[in-house]
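Accompanying notes for the structure given below.
The values are calculated or read from the model by the stated rules, or taken from the named source; none is laboratory data. All values derive from a computational prediction rather than experimental measurement. Here the Cβ is made from the backbone with ideal geometry for all residues, glycine too, and neighbour counts use every protein chain on show. These accessible areas exclude ligands, DNA and RNA; they are computed on the full protein's heavy atoms, side chains included. Shrake-Rupley method; radii C 1.70, N 1.55, O 1.52, S 1.80 Å.
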Amino acid sequence: MELLQTLKGHVGRVWHVSWNPEGNVLASCGEDKTIRLWWQESNDPFALGLKTILTDGHQRTIRSVGWSPCGQYLASASFDSTVAIWNKKSGQFECDVSLEGHENEVKSVAWSKSGQYLATCSRDKSVWIWETSDEEEYECAAVLNAHSQDVKKVVWHPHMDVVASASYDNTLKIFQCDVTECEWICASTLRSHESTVWSLDFDALGKRLVSCSDDQTVKVWQQYEPNNEFGIATPDNEAVWKCVCTIAGYHTRTIHDISWCHQTDLIATGCADDGIRIFKEADNSNINEPTFQQVVNYSSAHSQDVNTVLWNPVHRGILASCSDDGEIKIWKVKENIL
Amino acid sequence: MEILSSLENQNPTLYGKCCDRSVSADDEDDSVADLFDEREVFDLIRHIRDPEHPLSLEELHVVEVKGIMIDNVKNEVKVNFTPTIPHCSMALLIGLSIRVQLLRSLPARFKVSVVVSPNSHRSEADINKQLADKERVAAALENVNLIKVINDCIMPELTG
């Protein structure tokens, strides 16, 4: 793995980064209460330059940012308990909507692939689903109080209006809109981690999830539909999620983030031991008992904890990371691994 | 912070303070590589005041040199602290004060863990989990009321 660029500018911890859908703008946020937008400056897709600093949106740390699928809107979640929506309509990003409702720190925000829904989660243990009609009005569609502790992260299914969450209560949960009742429900609870689940991500098809935890393991989960060919029981004719692989023994501290590349199938992790690791499914892997190999172990990727790792959605093998050390780094994975 | 009408532990056992660290000639010599040791970490936290008593963590044996581990190669510092009673409701605040003081004092390369000494508190696992969660700690430190209480514990001589 090769370091392409180091982006400096944030003061203090950088909590999160997010690529826009075209993969040519990276948004970042952190302890300094600013959002920075790093734009592709030339034909070289990986010479990013700081073009925009968004301030005055939040009173406290900005924990996460997320782009709408159209790339016109950016949502930011803050410890100040609000979510801000930034609109590019006028050429500049302006904050014109503030979503209030969570009781305390909002930790994650994500747009559904359809663009119709926004999910947020908080230390108040709830996941909120916001519905946007004409992308200007945001209405609360559901308040989901299924977790028993802080909800750390929400992520949407790559094709469907299904959201998955990770929590301090050691579980993952899957939420979806029940068609008959027209109501959002918790469809599954995924138990196996022994401590806080910090992050999770779907694979390209949405049939698998990968999660990372304070228990220093990564787990891969497989969805089994009713009447699946493997004979896995599906009570009440509902799909079930099973942990099919635990990747242990590589990470030496809390794993803060995980990203499953939808183009290359590589899984990247960001760890509190300052390292970035990449895992690849073995060629002869069995779908029901897959095996993953570590193909990159970059032990001092940052000088402090790595908080986020995120694959570029367009350019293969390009990874962004950010850290407590105040820096954002852009990496390129070697061709022979892809 | 409000003074509790009834103290949880009215008669804590008091221990003497240890003497100051002796300074050797090497300490003054810039050409000698000087690694951090347990005693130096102890000196950073021994003066922290118990939230309930006008006494230091050292005097109450909440922190002791023998409960501190430091690894200069792996850049790890681990501090065990022992609440005076196993149902002490202040244990989380004491742990947070120790963690904040070390975050402020030690170089950023150190990974700091603050944990309750094994079998010294009823909610040991809960307290350790909260203290290890840096997102919760970061959010707590943005709470002006809480940071004032912590500063009162860390720097009693400054805040009165």
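Averaged over residues, the count of other Cβ atoms within 10 Å places the peptides B:84-92, A:107-115 in the sequence A:107-115, B:84-92, highest first. Modelled label positions at residue A:22 and residue A:6, each set 7 Å beyond Cα in the direction of Cβ, lie 3.0 nm from each other. The contact between chain A and chain B removes approximately 1700 Å² from the accessible area (both sides summed; 1.4 Å probe; ligands, DNA and RNA excluded). For the range B:38-79, the extents of the C-alpha atoms along the principal axes are 37, 14, 13 Å, listed from largest to smallest. FRET efficiency for the pair residue A:316 and residue B:7, taken as 1/(1 + (r/R0)^6) with r the Cβ-Cβ distance and R0 = 60 Å, rounds to 0.40.
I want to verify the translational diffusion coefficient of the range A:279-321 in µm²/s; compute it with Stokes-Einstein, Rh as the Kirkwood radius over Cα pairs, at 4 °C and 1.567 mPa s.
Values: Rh = 12.7 Å.
For the chosen part, D equals 102 µm²/s.
Peptide B:127-136 has a mean of 5 when you count, residue by residue, the C-beta atoms of other protein chains within 10 Å of its C-beta.
Inter-label distance, residue B:151 to residue A:133: 4.7 nm, where each label sits 7 Å from its Cα along the C-beta direction.
For the range A:59-176, what class follows from the C-alpha gyration tensor (a ≥ b ≥ c being the square roots of its eigenvalues): rounded when a/c is under 1.5, otherwise prolate if a/b is larger than b/c, else oblate? It would help to have the intermediate numbers written out before the result.
Working: a/c = 1.96, a/b = 1.35, b/c = 1.45.
Oblate, because a/c is 1.5 or more while a/b does not exceed b/c.
With a threshold of 19 Å on the Cα-Cα distance, the over-threshold entries among A:219/A:280; A:173/A:242; A:51/A:88; A:33/A:173 are A:33/A:173.
Distances between placed amide hydrogens fall under 5 Å for residue A:171 paired with A:197, all partners being 5 or more residues away or on another chain.
Give me the percent of DSSP beta bridges within the range B:16-148 that run antiparallel, rounded to the nearest 5. Don't skip to the end; give the middle numbers.
Details: 5 of 11 bridges.
Approximately 45 percent, going by the DSSP bridge assignments.
Here the range A:18-122 is treated as a sphere whose radius is the Kirkwood value from Cα pairs; by Stokes-Einstein at 10 °C and 1.306 mPa s it diffuses with a coefficient of 115 µm²/s. Each Lys and Arg contributes +1 and each Asp and Glu -1, all at the Cβ; summed about the Cα centre of the protein assembly as shown, the dipole is approximately 580 debye. Each other residue within a Cβ distance under 9 Å of residue A:325 adds +1 if Lys or Arg and -1 if Asp or Glu, for a net charge of -3. Backbone phi angles across the range A:196-201, fed through the Karplus curve with coefficients 6.51, -1.76 and 1.60 (θ = phi - 60°), yield HN-Hα couplings of 2, 8, 8, 7, 7, 7 Hz in residue order; Gly and Pro are listed as x.
Tell me the relative contact order for chain A as a rounded percent, counting alpha carbon contacts under 8 Å between residues six or more apart. Relative contact order for chain A comes out at 14 percent. Distant-in-sequence amide contacts of residue B:116, defined by a placed amide H-H separation under 5 Å and a gap of 5 or more residues or a different chain, comprise B:81, B:128.
How large a share of the accessible area of the range A:266-323, in percent, is made up of carbon and sulfur atoms when the probe is 1.4 Å and the other protein chains stay in place? Carbon plus sulfur share of accessible area: 40 percent.
As a check on your grasp of the helix formula, calculate [θ] at 222 nm for chain B: sum -39500 (n - 2.57) over DSSP H runs of n ≥ 4, divide by the residue count, round to the nearest 500.
Working: 6 runs with 55 residues, N = 160.
Helix contribution divided over all residues of chain B: -10000 deg cm²/dmol.
Seen from residue A:224, the other residues with C-beta closer than 15 Å to its C-beta sum to a net charge of -3, counting Lys and Arg as +1 and Asp and Glu as -1. Gyration tensor over the Cα atoms of chain B: the corresponding equivalent ellipsoid has semi-axes (square roots of 5 times the eigenvalues, largest first) of 26, 19, 16 Å. A simple spin-label model places pseudo-atoms 7 Å from Cα toward Cβ; at residue A:189 and residue B:71 they are separated by 3.5 nm.
Oblate is the label for chain A, because a/c, from the alpha-carbon gyration tensor with a ≥ b ≥ c as root eigenvalues, is 1.5 or above and a/b does not exceed b/c.
DSSP assigns beta bridges within the protein assembly as shown; of those with both partners inside it, close to 95 percent run antiparallel. Note on chain B: Lys pairs 8 or more places apart or on different chains, Cα atoms under 22 Å apart, count 14. When the square roots of the Cα gyration tensor eigenvalues are ordered a ≥ b ≥ c, the ratio a/c for the range A:207-307 is 1.5 or more and a/b exceeds b/c, which makes its shape prolate.
Per residue, how many Å² of accessible area does the protein assembly as shown show with a 1.4 Å probe?
Details: 22140 Å² over 498 residues.
With the other protein chains kept in place, the protein assembly as shown gives 44 Å² per residue.
Distance from the alpha carbon centroid of the range A:184-209 to that of the range B:106-157 works out to 29 angstrom.
Carbon-plus-sulfur accessible fraction, the range B:10-160 (probe radius 1.4 Å, protein heavy atoms only): 51%.
Projecting the Cα atoms of A:121, A:174, B:81 onto the charge dipole of the protein assembly as shown, computed from C-beta unit charges around the Cα centre, puts A:174 farthest toward the positive end.
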